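Asker: Sending over a structure as structure tokens; questions will come in a sec.
The values are calculated or read from the model by the stated rules, or taken from the named source; none is laboratory data. It should be emphasised that the depicted structure is a prediction, and the values quoted were computed from it without experimental measurement. With ideal geometry, Cβ positions are generated from the backbone for all residues, glycine too; neighbour counts draw on all protein chains shown. Areas reflect the complete protein model, heavy atoms only, side chains present, ligands, DNA and RNA absent. Shrake-Rupley method; radii C 1.70, N 1.55, O 1.52, S 1.80 Å.
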Amino acid sequence: MHQIVGITGFLVTLVSGADYQVTIYPSYLSQGGRTHFETDRWDGHNGLDIQQNIDRCKAIATESGRWLNRDLNGNIFQNTPQDPQHHGYPDPNHFKDPSFVHNICSKYKQNLQGYGNNSDMIMEIKGLNWPHWMDTSQHGGKFPNNLDAGAEFIVLLLKSIKECTNGIIPRYFEVINEPDASWKYISWNTVIDFHRIVAQKLKSHFPGIKVGGPTKNTEVSGSDKNDFRVWGFSRQFLDMSLDHLDFFSFHPYNFVVVEGNSYRWEGMNEARLVAFMDTVENYAYQKKGHSVPLIISEYGLAGIRGMDENKASPFIDWAYINQHISHMFTYLNYRHVVDVAVGFLLSYETYLGQASLHYSLFRGNGSKANAAKAYQFWHHVYYSHKFLRIDSSFDNKERKISPLAMGNPDNGDIVVLLQNYDRSQARVKLNFDQHWFSPSTGISHCHYLNSHKEPVLDEWKSVHVSNGYVTVPADGSCIFVFKAKYNFHNVHTIKETTYYGNKMIIGIKKDCAICIFSCASCTYAASVNVNIQSLANVQYARLRIGVSLPGNEGGNPVPKTVLINNHHVIAHYQLFEPGRGHEGSRWESFEYQIPASFLHSNSNEVKVEFNQSGGYVSTVALVIGRN
């Protein structure tokens, strides 16, 4: 039974007997050749930092990960004179002027020195302010008609930075930040062409730089709406970028909606986030036969609906922390394609007044703000930790516990990380396969919302483990550390590979295998083939299916039947999607357990049947683990 306990302004549900289980195996798990927790890929925040905040950020285990356009100390292009030798192009001498170089580069140099030449820095520009002498008539005065001349500004800017730093430039460059927001001035075709031209120029001058885009904004969460019309913009960009760019970047955000004494999340929750990433990767596989790296250069909480974010609120602070941590669980589980993730939290920001203080890591006096907990939570794992194979229960329900596990070969520690999406406290059974470890005590580090609606990071707490069970707070996150002194030196590594179907965004239509005298045998289905090349050393397999139905209600997105090579598969779980009924469509992700004996080398036919027509199977992915 659930007991409802009132808290001023909200309700929290306490639970008795809400049990979950995860299974941990004594095997390292390599995704895309990556096994370690690579801190530099995950610890970045947005914006360069002033000198006094650099040590503060290092103390909470974060560093500057993205050089925002606002960090460029005023408008960098608008005051550039025209090259007297090349009409319509910038004067290169302007970018060599010592005052210009200092204005552009001094803060970046401070960050390089303070953070130890951070090699994973992302740089971006907004690109909406240009000199008066440039012809911008085709773009409402906001963007140059001559895209080659516009790209030359960026080349000269990076040359100036390289000269200033004795050869160090950001590794990643995003050509225009969130061009979706500038649709009134810049057509999507112009955005695509400009990315291509900038990439060609930068790569010719700076070998090794990685150029990408399109840093799509929150609209990506609705990519499936209106028969995937919004997805069409990403697809059009990929048609160019898969040949000319190095990565695809986007900004997955959520909103928290407060209604009376309850709240919910809407936007890029786990199910939609995974479905969108699979759609991008499936398209890359169809076009090029390999994955495309993903850069998450902003993520987290986009805003609050139903509360005044211009007022101080520990609950709003908690929402920012919660979304940072919960999103990170998803990125770590898809680390084979997510190269870097940089949270939209800043060291200190006052641009929007109190609203921006909610996502500031520090206060004006230098003391830690609540948002600092988003990074402090992760400082309990580091590079020496290696990911272990871990499975959720295939119980035909929505998965409320997202798990990760790691082993530390240096000291034998076993670490289990659990994200609880449930609004109730959860008891989680840690099932160590074939009893390879039996915990009795451990240490926990948990983040949650307490009864006073305040975010709490409860660290270094002793935990008693009874029959393998641990407890995770409602809508909370925990890291459990067990001093197992386990010998990991002889542990083998599972190599996980994802294969995608030969078709995607397949309409769910009437399918009649035999329909001569009647159509009683008809079903509503979508079918694809997945080529996996070889069955050598297969240890396990999972089938991940994305399903989109239009509207907020009507129809059932849960497949009635799933067949692989004519074998029925039933055991599955559904990824977390709390925005159902509020987002204009239902985009779900389902993960099925597949016996290895069901697989064929080369082509595997997957058929997904439903109780009704309409909607789409967006992607089908076959995940294979091999010794």
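Asker: So if I place +1 on the C-beta of Lys and Arg and -1 on the C-beta of Asp and Glu, and nothing else carries charge, what would the dipole magnitude of the chain be about its Cα centre? I want it in debye, nearest 20. Intermediate results must be reported in sequence, preceding the final value.
Answerer: Values: 56 positive and 58 negative charges, 147 e Å.
Using Cβ point charges on Lys, Arg, Asp and Glu, the chain gives about 700 debye.
Asker: Which Cα, out of Tyr172, Ala151, Tyr382, lies furthest along the positive dipole direction of the chain (beta carbon charges, K/R +1, D/E -1)?
Answerer: Tyr382
Asker: Here is a follow-up. Considering only protein heavy atoms, what per residue accessible area in square angstrom results for segment 513-627 with a 1.4 angstrom probe?
Answerer: Roughly 41 Å² per residue, with all protein chains present.
Asker: Modelled label-to-label distance, Ser601 and Tyr383, 7 Å Cα→beta-carbon offset: nm?
Answerer: 4.0 nm
Asker: So, one more: Could you calculate the contour length gain from Ala312 to His36, that is, 0.36 nm times the residue separation minus the distance between their Cα atoms, to one decimal place in nm?
Answerer: 95.5 nm
Asker: With the full set of protein chains in place, find how many percent of the accessible area of segment 445-560 is carbon and sulfur; take the probe as 1.4 Å.
Answerer: On the way: 2840 of 5970 Å².
Looking at segment 445-560 in its full context, I get 48 percent from C and S.
Asker: How large a share of the accessible area of segment 89-130, in percent, is made up of carbon and sulfur atoms when the probe is 1.4 Å and the other protein chains stay in place?
Answerer: Looking at segment 89-130 in its full context, I get 47 percent from C and S.
Asker: Shifting gears a bit: Suppose we keep just the DSSP beta bridges with both residues in the chain; what percent of those would be antiparallel, to 5?
Answerer: Beta bridges within the chain, antiparallel portion: roughly 70 percent.
Asker: From the square roots a ≥ b ≥ c of the eigenvalues of the alpha-carbon gyration tensor of segment 375-418, which class results: rounded (a/c under 1.5), prolate (a/b over b/c), or oblate?
Answerer: Cα axes put segment 375-418 in the oblate bin.
Asker: Which far-off residues, 5 or more places away or on another chain, put their amide H under 5 Å from the one on Gln21, with H placed in the peptide plane?
Answerer: Those lying under 5 Å, H to H, from Gln21 are Ser393, Lys429.
Asker: Now for a different question. Relative to the present Cα-Cα distance, how much length would full extension add between His86 and Asn146 at 0.36 nm per residue of separation?
Answerer: Here the answer is 20.3 nm.
Asker: Rounded to the nearest 500, what is the chain's calculated 222 nm mean residue ellipticity when only DSSP H runs of at least 4 contribute -39500 (n - 2.57) each, over all residues? Numbers along the way, then the final one.
Answerer: Values: 11 runs with 132 residues, N = 627.
Taken over the chain, the calculation gives -6500 deg cm²/dmol.
Asker: Got a sec? Charge dipole of segment 171-311, +1 on Cβ for Lys and Arg, -1 for Asp and Glu; which of His251, Ser187, Ala199 is way out at the positive end?
Answerer: About the Cα centre, the residue reaching furthest to the positive side is Ala199.
Asker: Could you give the distance between the Cα centres of segment 386-432 and segment 21-97, to the whole Å?
Answerer: One Cα centre to the other: 31 Å.
Asker: With a 1.4 Å probe and all protein chains left in place, how much of the accessible area of segment 207-307 comes from carbon and sulfur atoms, in whole percent?
Answerer: Reported share for carbon and sulfur atoms: 42 percent.
Asker: How many angstrom lie between the Cα centre of segment 524-560 and the Cα centre of segment 193-221?
Answerer: Centre-to-centre (Cα) distance: 32 Å.
Asker: For Ala369, what residues show an amide H to amide H distance below 5 Å, using hydrogens built from the backbone and excluding near sequence neighbours?
Answerer: Sorted by chain and number, the residues that satisfy this are Phe362, Arg363.
Asker: Using a 1.4 angstrom probe, figure out how much accessible area segment 139-208 has per residue, in square angstrom, rounded to the nearest whole.
Answerer: Per-residue value: 39 Å².
Asker: OK, next. Specify which residue in the list Tyr524, Pro98, Met268 is farthest towards the positive end of the charge dipole of the chain, using unit charges on the beta carbon of Lys, Arg (+1) and Asp, Glu (-1), about the Cα centre.
Answerer: Toward the positive end, the furthest listed residue is Tyr524.
Asker: To the nearest 20 debye, what charge dipole does segment 57-137 have about its Cα centre, counting +1 at the Cβ of each Lys and Arg and -1 at the Cβ of each Asp and Glu? Working shown, then result.
Answerer: On the way: 7 positive and 8 negative charges, 69 e Å.
Dipole magnitude for segment 57-137 comes out near 320 debye.
Asker: Quote the relative contact order of the chain in percent (integer), defining contacts as alpha-carbon pairs under 8 Å separated by 6+ residues.
Answerer: Relative contact order for the chain comes out at 16 percent.
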